[in-house]
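Asks: One structure, as structure tokens, below. Some questions next.
Taken together, the values in this text are just the output of simple stated rules run on the coordinates, not laboratory data. This structure is a prediction, so every number in the text was calculated from the model and none was measured. Because the Cβ atoms are built from the backbone with ideal geometry, glycine has one as well, and the counts that use them run over all protein chains shown.
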Amino acid sequence: MTPDDPDTLLAQTRAFNAELERLLAAVPSVDTVPPEQTRRARREGRGIFPAPVFLPDARTLDIDGPGGPIELRILAAAGAPTGAFLHIHGGGWTLGANDMQDVRLNRLAQETGLTVVSVGYRLAPENPYPAAPDDCEAAALWLLSNAGKIALGSATPLAIGGDSAGGQLAAVTLLRLRERHGITGAFGAAVLQYGCFDLSMTPSQRLWGERNLILSEPIISWFNDQFLPAYDREQRRDPDISPLFAELSGMPPAIFTVGTEDPLLDDTLFMEARWRAAGHATELRIWPEAPHGFVTLPMSVADAALCAEHAFLRRTLGVDPLAPR
């Protein structure tokens, strides 16, 4: 249960951060070991992240992608679906997988009635840019196709979202739908959790320093280099890479979530302001002293943030998982 008292919530967040920083200091930083080693450790539940829970009710479906089959992991709510949510996982375009947040995504499904479709996109450095956004674009187009509607049993409404690198990929996917296919309005809401929207690095990224609280400035730079090995800083401002620099007409209402102890704080603050200035409804949730990645961690503030996001989806899309369907 989330504490009602903000002071209690803040005290719990501070205590968690102190222990998290202590644990991170005792293990090799992700930028100093091969990505496959970190991937294997996280899948096996070794290190600072909780062991993933793979729900037996989740199903997988392969669709055609530009680099081969793309695996979609599907978690459905009880009863008839109210719509669908296209989820894009984080991990610096280098780590993570679409089956490692079943519990959190199942909660989203149950509390909104939306069928969650999580994209198993190709990872860097084996598959650098543009592999990941190409796969996410293909998944979005599939979701909008007759095949997607038949497979999921519901056409609308649709929402999209992701955390960290997944937030960047969700924004880029919306922009690609508009720019490459003339599609706007297909997704009625976006959930953007502490996304990296400027890969040339915002002030909060550059000023963060060596402190490792899930991310550090060296870790961010390393992730960017895995994803964009052949791009200099100016080239990384291409809107297809850094959506903060995009023209943002035709975007859906969005909720932006970030903690103040996150080196990507400016990315969210700047992106929300530009999204709002483009004329779109936004909700900005800044969680005091929450670290990067907090919605995936066993923290009280994560529960509060997810409650807010799911309420935003129900309100914005007009869905009620308890209504007769």
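Asks: List the number of the failed condition for Gly153; all other conditions in (1) surrounded by 23 or more Cβ atoms within 10 Å (Cβ to Cβ); (2) within 24 Å of Asp57 (Cα to Cα) hold.
Replies: (1)
Asks: Inspect all residues belonging to the stretch 82-93 and state whether any of them is surrounded by fewer than 21 Cβ atoms within 10 Å (Cβ to Cβ) and out of contact with any Pro (no Cβ under 7 Å at 6 or more places or on another chain).
Replies: No, every residue in the stretch 82-93 fails to be surrounded by fewer than 21 Cβ atoms within 10 Å (Cβ to Cβ) and out of contact with any Pro (no Cβ under 7 Å at 6 or more places or on another chain).
Asks: Quick check: is even one residue across the stretch 156-175 more than 13 Å from the chain's Cα centre (by Cα) and of a type in the set (Asp, Glu)?
Replies: So the first thing to find is which residues in the stretch 156-175 are more than 13 Å from the chain's Cα centre (by Cα), and the list is 156-158, 174-175.
Narrowing the set further to residues that are of a type in the set (Asp, Glu) leaves none.
No, because not a single residue in the stretch 156-175 is more than 13 Å from the chain's Cα centre (by Cα) and of a type in the set (Asp, Glu).
Asks: Would the stretch 236-245 turn up any residue that is touching a Lys or Arg at 6+ places or on another chain (Cβ under 9 Å), among the hydroxyl-bearing types (Ser, Thr, Tyr), farther than 23 Å from Arg14 by Cβ and part of a loop (DSSP other than H, G, I, E, B)?
Replies: Looking for residues that are touching a Lys or Arg at 6+ places or on another chain (Cβ under 9 Å), among the hydroxyl-bearing types (Ser, Thr, Tyr), farther than 23 Å from Arg14 by Cβ and part of a loop (DSSP other than H, G, I, E, B), one finds at least one in the stretch 236-245, hence yes.
Asks: When you check Leu317 against the structure, is it over 25 Å from Gly96 (Cα atoms), buried (at least 21 other Cβ atoms within 10 Å of the Cβ) and among the aliphatic types (A, V, I, L, M), yes or no? Let's see the steps before the verdict.
Replies: Details: over 25 Å from Gly96 (Cα atoms): yes; buried (at least 21 other Cβ atoms within 10 Å of the Cβ): yes; among the aliphatic types (A, V, I, L, M): yes.
Yes.
Asks: Could you tell me how many of the residues in the stretch 255-289 are in contact with a helix residue (DSSP H, G or I) (Cβ under 6 Å, 6 or more places away or on another chain), surrounded by 22 or more Cβ atoms within 10 Å (Cβ to Cβ) and not in a loop (DSSP other than H, G, I, E, B)?
Replies: The qualifying residues number 7.
Asks: Please list, ordered by first then second residue, the pairs with beta carbon atoms under 9 Å, 6 or more apart or interchain, first in the stretch 147-162 and closer than 20 Å to Val191 by Cβ, second assigned to a strand (DSSP E or B) and of a type in the set (S, T, N, Q).
Replies: Leu152/Thr115; Ser154/Thr115; Gly161/Gln193; Gly162/Gln193
Asks: Select from the stretch 61-76 the residues that are free of Cβ contacts under 8 Å to residues at least 60 places away in the same chain, surrounded by fewer than 18 Cβ atoms within 10 Å (Cβ to Cβ) and not in a loop (DSSP other than H, G, I, E, B) and write down the one among them that is farthest from the chain's Cα centre (by Cα).
Replies: Here the residue is Gly68.
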